[in-house]
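K.L.:
Pasting a structure below so you can have a look.
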There are 4 protein chains.
Amino acid sequence: MTRSNDPAAAPRSDGHPGDGAVRGTQRMEIFADAVFAIAFTLPVVEFHVPEAGPDYAERLLALWPFYLGYLLAAIVIGIYWVHHHFSGAIYRTTGHHFLLATILFLIAIGFIAFPSRAFAEHIMDPEAREASAIFYVCALAATGATWLIKWKTGRWTGDVDERLDKAYVDRLDRKYVVTTALLVAAAALAFLSWPAGLALAALVTLSYLRAPETPVYVSEAPTVEGESDA
Amino acid sequence: MTRSNDPAAAPRSDGHPGDGAVRGTQRMEIFADAVFAIAFTLPVVEFHVPEAGPDYAERLLALWPFYLGYLLAAIVIGIYWVHHHFSGAIYRTTGHHFLLATILFLIAIGFIAFPSRAFAEHIMDPEAREASAIFYVCALAATGATWLIKWKTGRWTGDVDERLDKAYVDRLDRKYVVTTALLVAAAALAFLSWPAGLALAALVTLSYLRAPETPVYVSEAPTVEGESDA
Amino acid sequence: MTRSNDPAAAPRSDGHPGDGAVRGTQRMEIFADAVFAIAFTLPVVEFHVPEAGPDYAERLLALWPFYLGYLLAAIVIGIYWVHHHFSGAIYRTTGHHFLLATILFLIAIGFIAFPSRAFAEHIMDPEAREASAIFYVCALAATGATWLIKWKTGRWTGDVDERLDKAYVDRLDRKYVVTTALLVAAAALAFLSWPAGLALAALVTLSYLRAPETPVYVSEAPTVEGESDA
Amino acid sequence: MTRSNDPAAAPRSDGHPGDGAVRGTQRMEIFADAVFAIAFTLPVVEFHVPEAGPDYAERLLALWPFYLGYLLAAIVIGIYWVHHHFSGAIYRTTGHHFLLATILFLIAIGFIAFPSRAFAEHIMDPEAREASAIFYVCALAATGATWLIKWKTGRWTGDVDERLDKAYVDRLDRKYVVTTALLVAAAALAFLSWPAGLALAALVTLSYLRAPETPVYVSEAPTVEGESDA
């Protein structure tokens with residue numbers, strides 16, 4: 001790359017003025033991945049080995065709501081991770097405000113296992129089910145909202161890769177806005193009918209199991225590591 | 001590498017159509033390593049410093065089933081990590097469905113310390129031993145199955161390095177299928193005789209302490225980082 | 001880079017004598033990011049799913065001081081992470097004493113969630129509020145002091161990037177000294193009036209939400225990963 | 001680097017036959033750093049916010065043995081991390097058996113916080129002090145032994161960088177052997193006189209606060225990331 005000896009020159013060679021100290025996405029990804037991994041694995045500390053006894057097998061099986069809580073949290077966090085992984089191909093740099101928005105998103109990711117567990121551990125309990133379902137759907141909506149804030153911040157600060165096709169970015173934008181709107185609607189709906197709100201939130205979340213659209217670049221595709229040189 | 005300015009061109013220069021947003025293996029490895037590391041270290045939070053007293057030494061020694069649970073979990077997770085490390089030389093890219101299969105495998109890795117502890121902490125208790133041994137062997141079989149699913153997904157999506165010798169890939173495929181079959185057989189056997197099932201599962205797992213076959217490449221070997229340029 | 005076959009040559013091509021085994025900043029950043037991420041996420045293990053009951057919603061809401069403790073810790077740790085991320089563009093290498101100073105700083109980061117929680121969980125309790133506010137402000141001051149020690153060590157060992165503009169480094173130096181002085185003053189003030197001490201510490205900490213000054217290099221700007229080659 | 005199209009060629013361009021699937025040190029370092037970071041931070045989960053009350057300040061201060069346990073563990077783990085960081089400049093590749101030896105070492109690192117806490121939390125208790133000091137010194141000796149095993153394995157498998165000066169490697173070898181011998185002696189001594197054993201182990205451990213000797217290379221120094229290209 002071209003380098004300048006002029007201290008007044010822009011810190012980035014592509015002429016972007018920057019936002020604080022601008023760096024590539026790798027370090028943000030390492031921190032985010034560590035938070036994802038801890039949030040993903042931490043519910044396991046809630047599994048307590050039961051006392052021994054002639055019905056030990058039943059006691060192990062009776063822990064199924066804890067296993068379910070782990071599973072519910074892992075699926076949601078896993079889906080977000082896969083799309084965060086993918087969106088690492090979407091962002092090109094990380095400036096100060098984008099990192100702050102990432103922190104906000106990661107606060108939600110670190111939190112999400114708790115509502116998952118609060119719902120799963122009392123799923124058979126008619127007294128707690130409605131409140132915990134509402135809590136869970138609201139947390140899913142809040143997490144979706146922080147994702148959208150991160151995306152909008154990245155667009156605003158110019159950290160989204162400017163080599164991406166404009167139509168592609170617009171489709172992504174629309175997708176994220178619609179997703180958040182649907183999750184907020186699910187949260188509102190949950191106060192009227194928790195099964196309906198939960199079903200809508202689950203549907204929206206699980207729709208992300210489908211592969212995302214492959215990024216389209218106008219000028220040049222960034223190198224995919226591991227590719228053939230041929 | 002060759003780059004195209006054509007937005008309709010394939011996102012990967014090797015002509016692979018991709019699967020969602022395709023990237024190299026590094027970020028998947030960082031996330032996986034973080035999950036491995038947390039699952040590996042987390043059982044230590046179950047060690048509670050005993051009350052002081054004249055028999056403090058005995059109290060520290062009496063925690064040996066907890067130490068054993070940590071050790072059992074660490075050995076299994078360590079073996080999987082070493083082979084996952086190794087298989088990072090086997091995969092070349094990571095697409096959407098391969099990442100989902102990786103999440104499934106990591107859910108099993110995050111879980112495996114619990115059955116290890118449930119078995120080790122009651123290993124001297126005749127009432128709990130059979131149930132916990134069956135639970136442990138079933139968990140080992142389930143983890144093996146998710147490994148196989150990840151591998152089969154990687155082959156199906158084309159994320160396995162296509163430069164590998166076909167015969168080598170076939171040997172690996174056979175090895176993983178046989179391993180999973182034996183672990184499932186061990187789980188079934190454990191219901192008839194838990195010592196037999198446990199012995200078979202332990203044998204199969206510990207057989208992975210042997211060094212894996214060095215990958216064989218048909219066209220060109222990928223660079224081993226740290227090598228001499230000479 | 002130029003390489004020497006002379007075993008007596010300086011280990012670094014830029015002639016710096018080194019400090020033990022000198023390496024780039026990446027590995028320090030990976031370890032630091034993992035500590036940041038664990039400290040950031042760990043307070044969530046203190047969230048205990050309440051017992052079910054007709055007032056389950058109230059019970060979930062009654063945990064708000066725990067949520068607040070998580071939030072307070074996450075904001076402080078997040079701000080330090082963003083600036084540590086940024087300062088990764090400020091340091092060029094990591095020698096032995098700089099790593100020891102980094103360990104000291106990370107001990108403070110790993111600890112900071114506890115005073116945050118000790119304050120937040122009793123924020124409504126007149127008996128505990130003063131003591132916990134003082135504890136929290138003192139911990140914030142101690143963390144700031146370890147940051148300053150790390151910075152001063154990096155300057156002393158030559159790990160700060162020598163390509164940076166001298167005036168820029170001096171401004172950074174002044175900023176860190178003033179910040180630590182203000183935090184120590186806040187801690188002293190807290191013993192006289194905890195709301196005043198807390199307000200000052202909060203103000204100083206939150207002032208770091210503003211984007212830092214973009215680094216100015218005298219000779220050449222280091223490559224920003226993700227930039228265009230054009 | 002030179003690449004061969006011959007599938008029978010050695011997998012490494014430097015002619016080393018390899019040990020299973022050989023890779024560079026980076027991924028081993030990421031996993032190790034995650035384990036280091038978790039072991040480093042995890043004792044904080046043992047800090048429980050005390051009940052509120054008029055003596056809340058005393059209650060927070062009365063937790064000092066817990067703070068001390070965290071500090072003791074963090075210092076030992078920190079010192080090992082700094083030297084592991086450093087030794088990453090010593091190893092060049094990671095083969096199967098070296099990774100297994102690394103797992104053994106990391107099992108010790110993951111464990112070491114427990115004896116640190118078992119000692120610190122009862123440091124004022126005459127009944128528990130001797131037993132816990134012996135436990136702690138034995139754990140330090142065992143950790144030192146796993147470090148030596150890892151080093152000896154690395155030499156045996158050829159993963160130690162062969163560009164290092166032979167005399168330098170021999171000095172390192174002698175240092176690690178002597179350290180382990182002294183720690184084992186300290187453990188034996190602790191059974192006779194725990195203060196003497198503890199003092200010796202502390203002395204040996206803290207001697208690693210000094211900067212290690214800068215690596216000496218016979219042929220060519222590897223690139224230090226972050227260096228000037230000039």
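The values are calculated or read from the model by the stated rules, or taken from the named source; none is laboratory data. Predicted model, so just to flag it, every value in this text is computed and none were measured. Using ideal geometry, Cβ is built from the backbone for each residue, glycine included, and neighbour counts are taken over all protein chains shown. These accessible areas exclude ligands, DNA and RNA; they are computed on the full protein's heavy atoms, side chains included. Shrake-Rupley method; radii C 1.70, N 1.55, O 1.52, S 1.80 Å.
K.L.:
Restricting attention to region D:22-51, which GluC sites (Glu not before Pro) occupy a DSSP loop and are surrounded by at most 13 other Cβ atoms within 10 Å? Working shown, then result.
P.N.:
Numbers: sites: D:Glu29, D:Glu46, D:Glu51; in loops: D:Glu51.
Answer in residue order: D:Glu51.
K.L.:
Ordering A:Ile75, D:Ile112 by how much accessible area each has at a 1.4 Å probe, largest first, what is the list? Don't skip to the end; give the middle numbers.
P.N.:
Details: A:Ile75 70, D:Ile112 0 Å².
The residues order as A:Ile75, D:Ile112, largest area first.
K.L.:
Where does chain A land on Rg/Rh, using Cα atoms and the Kirkwood Rh? Please report the intermediate quantities before stating the final value.
P.N.:
Numbers: Rg = 21.2 Å, Rh = 19.8 Å.
Taking Rh as the inverse mean 1/r over Cα pairs, Rg/Rh reads 1.07.
K.L.:
Give me D for region C:120-210 in µm² s⁻¹, whole number, from Stokes-Einstein with Rh from the Kirkwood sum over alpha-carbon pairs, 25 °C and 0.890 mPa s. Please list the in-between numbers first.
P.N.:
Working: Rh = 14.3 Å.
Roughly 171 µm²/s, to the nearest whole number.
K.L.:
While we're looking at this one, here's another question. Which cross-chain or sequence-distant (5 or more) residues have an amide H under 5 Å from the amide H of C:Asp161, H modelled 1.01 Å from N in plane?
P.N.:
Sorted by chain and number, the residues that satisfy this are C:Tyr91, C:Arg92.
K.L.:
Please give the solvent-accessible surface of A:Val45 in Å², to the nearest 10, using a probe radius of 1.4 Å with every protein chain present.
P.N.:
Approximately 20 Å² of A:Val45 is accessible to the 1.4 Å probe.
K.L.:
Using a 1.4 Å probe, how large is the accessible area of B:Cys138, given in Å² and rounded to the nearest 10?
P.N.:
50
K.L.:
Who wins for biggest fluctuation among A:Thr25, A:Thr157, A:Thr214 in a Gaussian network model of chain A, springs between alpha carbons below 10 Å?
P.N.:
Of the options given, A:Thr214 has the highest mean-square fluctuation.
K.L.:
Explain nothing, just the number: relative contact order of chain D, from Cα pairs under 8 Å at least 6 residues apart, as a whole percent. Display every interim value, and only then the final one.
P.N.:
Details: 242 pairs, mean separation 46.8, N = 230.
It comes to 20 percent, rounded to a whole number.
K.L.:
Rounded to the nearest 100 Å², what is the sum over both chains of accessible area buried where A meets B, with a probe of 1.4 Å? Please list the in-between numbers first.
P.N.:
Values: alone 13260 and 13250 Å², together 21640 Å².
Approximately 4900 Å² gets buried when A meets B.
K.L.:
Just the accessible area for A:Phe135, please: 1.4 Å probe, Å², rounded to the nearest 10?
P.N.:
Per-residue accessible area (A:Phe135): approximately 40 Å².
K.L.:
Of C:Lys150/D:Lys175; A:Lys150/B:Lys150; A:Lys150/A:Lys175; A:Lys175/B:Lys152, which ones are farther than 19 Å apart at the Cα? The partial results should precede the final answer.
P.N.:
Values: C:Lys150/D:Lys175 29 Å; A:Lys150/B:Lys150 31 Å; A:Lys150/A:Lys175 14 Å; A:Lys175/B:Lys152 31 Å.
Distance filter (> 19 Å) returns C:Lys150/D:Lys175; A:Lys150/B:Lys150; A:Lys175/B:Lys152.
K.L.:
Okay, moving on. From the protein chains alone at 1.4 Å, what is the descending order of accessible area for B:Tyr67, C:Tyr168, largest first?
P.N.:
Numbers: B:Tyr67 45, C:Tyr168 0 Å².
Order by accessible area, largest first: B:Tyr67, C:Tyr168.
K.L.:
Connecting C-alpha atoms closer than 10 Å in a GNM of chain D, tell me which of D:Pro50, D:Pro65, D:Pro195 has the biggest fluctuation.
P.N.:
Comparing D:Pro50, D:Pro65, D:Pro195 in a Gaussian network model of chain D, the most mobile one is D:Pro50.
K.L.:
Let me ask another. Bins of 5 Å, beginning at zero and ending with the bin holding the largest distance: percent of Cα pairs per bin for region A:29-115, please.
P.N.:
Computed distribution, short to long bins: 3, 12, 21, 18, 13, 10, 8, 6, 4, 3, 2, 1.
K.L.:
Follow-up. To the nearest 0.05, what FRET efficiency results for A:Asp165 and A:Tyr208 with a Förster distance of 22 Å applied to their C-beta separation?
P.N.:
Step by step, r from the Cβ atoms, then E = 0.55.
K.L.:
Same structure, new question: Count neighbours as other Cβ atoms within 10 Å of each site's Cβ, and list the GluC sites (Glu not before Pro) in region A:105-160 that are DSSP loop with at most 11 such neighbours.
P.N.:
On the way: sites: A:Glu121, A:Glu127, A:Glu130; in loops: A:Glu121.
Those that pass, being in a loop and sparsely packed, number zero.
K.L.:
OK, next. If you build a Gaussian network model of chain A, linking Cα atoms that sit under 10 Å apart, which residue out of A:Asp33, A:Asp170, A:Asp161 swings the most?
P.N.:
Of the options given, A:Asp170 has the highest mean-square fluctuation.
K.L.:
Can you compute the charge dipole magnitude of chain A about its Cα centre, using +1 on each Lys and Arg Cβ and -1 on each Asp and Glu Cβ, nothing else charged? Give it in debye, rounded to the nearest 20.
P.N.:
Numbers: 17 positive and 24 negative charges, 119 e Å.
Roughly 580 debye, rounded to the nearest 20.
K.L.:
So what's the angle, to the nearest 10 degrees on a 0 to 90 scale, between helix A:194-206 and the longest Cα principal axis of chain A?
P.N.:
Approximately 40 degrees, to the nearest ten.
K.L.:
Using only Cα atoms, find the angle between the long axis of helix B:64-87 and the longest principal axis of chain B, and express it within 0 to 90 degrees, rounded to the nearest 10.
P.N.:
In chain B, helix B:64-87 runs at an angle near 10 degrees to the longest axis.
K.L.:
In what order, largest first, do C:Ile107, D:Ile149 sit by accessible area if the probe radius is 1.4 Å? Intermediate values should be presented prior to the final figure.
P.N.:
Details: C:Ile107 20, D:Ile149 75 Å².
Of C:Ile107, D:Ile149, the descending order of accessible area is D:Ile149, C:Ile107.
K.L.:
Continuing with this model, one more query. How many nm separate the modelled label positions at A:Phe191 and D:Arg174, each set 7 Å beyond the Cα in the direction of the Cβ?
P.N.:
Roughly 7.7 nm, to one decimal.
K.L.:
With Rg and the Kirkwood Rh both taken from Cα atoms, where does Rg over Rh land for the protein assembly as shown? Walk me through the intermediate numbers first.
P.N.:
Details: Rg = 27.2 Å, Rh = 28.9 Å.
Taking Rh as the inverse mean 1/r over Cα pairs, Rg/Rh reads 0.94.
K.L.:
Taking only DSSP H segments of four or more residues, each worth -39500 (n - 2.57), what value at 222 nm results for the protein assembly as shown once the sum is divided by all its residues, to the nearest 500 deg cm²/dmol? Don't jump to the answer; show the numbers that get you there.
P.N.:
Working: 29 runs with 571 residues, N = 920.
Taken over the protein assembly as shown, the calculation gives -21500 deg cm²/dmol.
K.L.:
Per-residue mean of other chain beta-carbon atoms within 10 angstrom of the beta-carbon, peptide D:59-71? Mind showing how you got there, number by number?
P.N.:
Details: counts 3, 8, 2, 0, 2, 0, 1, 2, 2, 0, 1, 4, 2.
The shielding value for this peptide is 2.
K.L.:
Taking Cα atoms, how many degrees apart are the long axis of helix A:126-157 and the longest axis of chain A, rounded to 10 and kept between 0 and 90?
P.N.:
0
K.L.:
Normalising by the residue count of region C:28-150, find the relative contact order in percent from Cα pairs under 8 Å and 6+ residues apart. If you can, show how the numbers build up before the last one.
P.N.:
Numbers: 103 pairs, mean separation 41.4, N = 123.
34 percent.
K.L.:
If you plug each phi of region A:32-49 into the Karplus form 6.51 cos²θ - 1.76 cosθ + 1.60 with θ = phi - 60°, what whole-Hz ³J(HN,Hα) values come out, in order, with x for Gly and Pro?
P.N.:
4, 5, 5, 5, 3, 5, 5, 4, 5, 9, 4, x, 5, 5, 7, 7, 9, 4
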